[in-house]
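The values are calculated or read from the model by the stated rules, or taken from the named source; none is laboratory data. The structure displayed is predicted, hence computed values, not measured ones. As a convention, Cβ positions derive from the backbone with ideal geometry for all residues, glycine included, and neighbour counts pool all protein chains shown. Accessible surface areas use protein heavy atoms only, side chains included; no ligands, DNA or RNA. Shrake-Rupley method; radii C 1.70, N 1.55, O 1.52, S 1.80 Å.
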Amino acid sequence: MLHAQQPVTTKQTTDTISKSKTDVKKAFPVIGKKNDTLFYVYTKIGAFTAKDRATYISDKIQGLDTNFFISDSLKTDTLANEIDLMYKGDVLVSISNQEATAQATTKEILALQFTQAIIKNLDYAGHALMPKSLILKIGLILLILVGVWLVLKLVGFIYKKMKWFIHQKKDKWFKSLSYNNYTFITPEQELKMALFLVEIIKWLLILIVVYVFFPLIFSVFEFTRGWSNYLFDLIFSSFGGIFKAIWNYLPNIIKIAAIIIVMKYFMRFVKYIFSEIQAEKLQISGFHADWAMPTFTIVRFLLYAFMFVLIFPLLPGSDSTIFKGVSVFIGILFSLGSSSAIANMVAGLVITYMRPFKIGDRVNLGNVSGNVIEKTMLVTRIKTIKNEEITIPNSSVLTGNTTNYSTYAQQDGLIINTSVTLGYDIPYKKVYQALIEAALRTDMIEKTPQPFVLQTSLEDFYVSYQLNAYTKQANKQAVIYSQLHQNIQDCCNELDIEILSPHYRAQRDGNMTTIPQEYLKDDYKSPGFNINIQKDKKED
């Protein structure tokens, strides 16, 4: 890179100080392409001396690409105390009032002189690379055409080789993408997608080659060189801006990647801990094994939320007003439209740690009885004995009563019970015998502990007997009750017990007493009917 030459001593007349006095100033040349001097710099600006400014401006001008230089992009920006000479938004020269005074002119004239000098220098450097002879220009065009043809042939050759290579490796590379019994993408579809992607890449390369071809052709002749510069600038300025933005954003990308990687492995460690708790390899006092996965789900959500908080400031546009407005709008919609959902989620969380039931338990929730088949953060699903699936919101489960038939069924046994009402004329011991025998004949009724009978009430005309029996099959209560009722009927019929609830009138003459026979005296007989006939005396 070329730098400023040795200072040149010049004499300038300063009108603003005194027309009769002259002041000797040091001028530092600005060097352009081909080591030629474009103009001089006399004064400093801020911490930059005149020499520093000349060196900086020289480096800037020499760094411009003459092949893609567009003179229309060289513009001036007038400020209060200076004029900035800019190329594509980048400041090349700043012309202050002091600089204009030192060169005995105005800022505007000096800016125009600097602009013309820069354009002339860059145009000359660009033209110097092109041949002057028409024959050489035609030869250069032919060379460009041959080059484009060779590149297109190379693209076609690579495309055919890629297709052949993909077909050779299709059995190894392409497998069915499926989940359970559903296939999302077949190997044939994956092959078509790969070939389609290669086809797109081929045409993109062809478009790029053709797009570059025209600017190269236009750059050969002077009258079309402006078109060449325009076409090159159109694509390279756009892609240059994109690549520059990506390059400037690269530190944030590295930070985001580091946060994601650290959080990923930390999440695996946390999952491993809770998996050990679920498998009961790691035991924590007061923390049940079935709490492990629900707790891990909560911890995972909190970790993801924390990761999002760390990443959010690093996202492009996160500090923009529009981004903040959209975030607030989504938050309002979520808060207004999800109150019931949040209530169910909180209820689901509470139910998880209350442990009123688990998957497969036979429960009664309100007026719904069945087996628990699914328990989520929002709802609980019950399957009834009629194969009905009933969905109950967790908030309803939390506020209602829950009866779990399976909690103690395997350990102590579930006590099932049924009631029978019989008259006082049947000895209760005989009833006990019939009911217990009926329970012992029933499948899935435990022999030990033995079934037992309770007299739950003594009504006006009959006694209410309650048969209780143990079973460990809480999910088959309907079948057990049905068979038990059948056996009660059989056993009562075998012992001459008529299953009915008698009701009596107040006419006791001539009727047998309802006291069991074993409690009566041996000479007890049913009383006769008392009939009183009264004759009217007038009939005599």
Taking the Cα centre of each part, how many Å lie between the range 239-265 and the range 77-103? 36 Å
The correct ranking of Met293, Met193, Met263, Met512 by accessible area at 1.4 Å, largest first, is Met193, Met512, Met293, Met263
Using Cα positions and a limit of under 17 Å, work out the lysines in reach of Lys375, with same-chain residues fewer than 8 apart set aside. Lys358, Lys383
Residue-wise, which Karplus ³J(HN,Hα) couplings in Hz belong to the range 440-447, taking 6.51 cos²θ - 1.76 cosθ + 1.60, θ = phi - 60°, and x for glycine or proline? 5, 7, 7, 5, 6, 9, 6, 6
For the full complex of protein chains and a 1.4 angstrom probe, list Leu204, Leu303 by accessible area with the highest value first. Leu204, Leu303
Positive-end residue, the range 267-408 charge dipole about Cα centroid, Cβ charges, pick of Ala279, Val299, Asn404: Ala279
If amide H atoms are built 1.01 Å from N in the plane of the peptide, which residues on other chains or at least 5 residues away come under 5 Å of the amide H of Ser369? none
Given the pairs Lys163/Lys244; Lys33/Lys88; Lys170/Lys202; Lys153/Lys192, which span a C-alpha to C-alpha distance of over 28 angstrom in this model? Lys163/Lys244
What accessible surface, in Å², does a 1.4 Å probe find on Asp319, ignoring ligands, DNA and RNA and rounding to the nearest 10? 120 Å²
Between the range 167-192 and the range 424-444, what's the alpha-carbon centroid distance in Å? 68 Å
Solvent accessible area, Å² - Lys358, 1.4 Å probe, full protein context: 110 Å²
Write down the Kirkwood hydrodynamic radius of the range 360-399, to one decimal in angstroms, obtained as one divided by the mean of 1/r over all alpha carbon pairs. 10.0 Å
